[in-house]
Each structure stands twice: as structure tokens, then as C-alpha cells.
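Undergrad: One structure follows; several queries about it will come next.
Rule-based calculations on the coordinates, nothing more; no lab input. Only a predicted model underlies this, so the values are computations on that prediction, with no experimental measurement involved. Every residue, glycine among them, receives a Cβ derived from its backbone with ideal geometry; neighbour counts consider all protein chains shown.
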Amino acid sequence: MRLRLGMYETGILTGKHLPGFVLSIGNLTAGGTGKTPAVVMFAQWAVSQGL
């Protein structure tokens with residue numbers, strides 16, 4: 001993690017600016033953690049908000 005952070009600090013790696021927003025749901029755990037229902041719920045909410 002320190003190496004990666006150092007690469008950003010020195011400019012070796014750079015961030016990306018996107019025209020929208022990014023939402024990350026979940027982590028390194030695969031299966032059985034409730035990611036799919038959370039994504040469905042968020043997607044329904046986003047549609048209801050016109051996003």
C-alpha cells in the first residue's frame with residue numbers, strides 16, 4: 001500500500017477524472033455478502049431519482 005501511495009505522490013501513477021460518479025459496492029469477499037441486493041436497491045433508487 002505504501003508503494004502505491006508513493007507512486008501517486010511522485011506522479012508515477014495519476015488519477016482519472018470521470019464525467020460522472022463511481023460507486024463501489026463490496027470488497028474482496030466473493031459470494032454471500034449481499035452485494036447483489038445492495039446493487040439492485042441502489043439502482044432502483046438511482047432510477048427513481050432520475051440519475
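Undergrad: Pop a pseudo-label 7 angstrom from the Cα along the beta-carbon direction at both residue 5 and residue 18 and give the gap in nm to one decimal.
TA: 2.4
Undergrad: Moving to a separate point now. Mind ordering 13-25, 34-46 by average Cβ neighbours within 10 Å, highest first?
TA: Details: 13-25: 6.9, 34-46: 11.3.
Final packing ranking: 34-46, 13-25.
Undergrad: Still on this model: Using the Kirkwood formula over every pair of different C-alpha atoms, what hydrodynamic radius in Å results for the chain?
TA: Numbers: mean 1/r = 0.0711 Å⁻¹.
One over the average 1/r among Cα pairs gives 14.1 Å for the chain.
Undergrad: With each run of n ≥ 4 DSSP H residues scored as -39500 (n - 2.57), what mean residue ellipticity at 222 nm is computed for the chain after dividing by its residue count and rounding to the nearest 500 deg cm²/dmol? Mind showing how you got there, number by number?
TA: Details: 2 runs with 23 residues, N = 51.
My calculation for the chain gives -14000 deg cm²/dmol from helical runs alone.
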